[in-house]
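Notes for the one structure printed next.
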Amino acid sequence: MGIQYSFRRYEKKYVLSPRQQEQLLQRIAGDLSLYDVYLCGPTSWMQSIRRYLRTAGVPAERIHSEAFAV
């Protein structure tokens, strides 16, 4: 599962790999440990992002989530 970008002008979708998602997030937010992070999505996706956030230095108490089933 990856973040999808849709560029309507070109009618193509681009799916980022997990590593590309991490790089994009780091580039946009900078030092992730400074933020409270809110996740909402499928459980497997949130588990993956939660692991990345912990390795990026975000304390567990600053990671908040809400799960839903598809």
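Sorted by accessible area with a 1.4 angstrom probe, largest first, how do 34, 53, 16, 25 fall?
34, 25, 16, 53
With every protein chain present, what accessible area does residue 28 have (1.4 Å probe, heavy atoms only), rounded to the nearest 10 Å²?
Probe radius 1.4 Å; accessible area of residue 28 about 130 Å².
When all protein chains stay in place, what accessible area (Å², nearest 10, 1.4 Å probe) is found for residue 33?
About 40 Å², ignoring ligands and nucleic acids.
Round to the nearest 10 and report in Å² the accessible area of residue 55, as given by a 1.4 Å probe over the protein chains' heavy atoms.
120 Å²
Work out, step by step, the length gained on full extension between residue 65 and residue 29: first 0.36 nm times the residue separation, then minus their alpha carbon distance; give nm to one decimal.
Extra length from residue 65 to residue 29 when fully extended: 11.1 nm.
The values are calculated or read from the model by the stated rules, or taken from the named source; none is laboratory data. Just so it is clear, the model here is predicted, and its values are computed rather than measured. The area values use the complete protein model at the heavy-atom level, side chains included, leaving out ligands, DNA and RNA. Shrake-Rupley method; radii C 1.70, N 1.55, O 1.52, S 1.80 Å.
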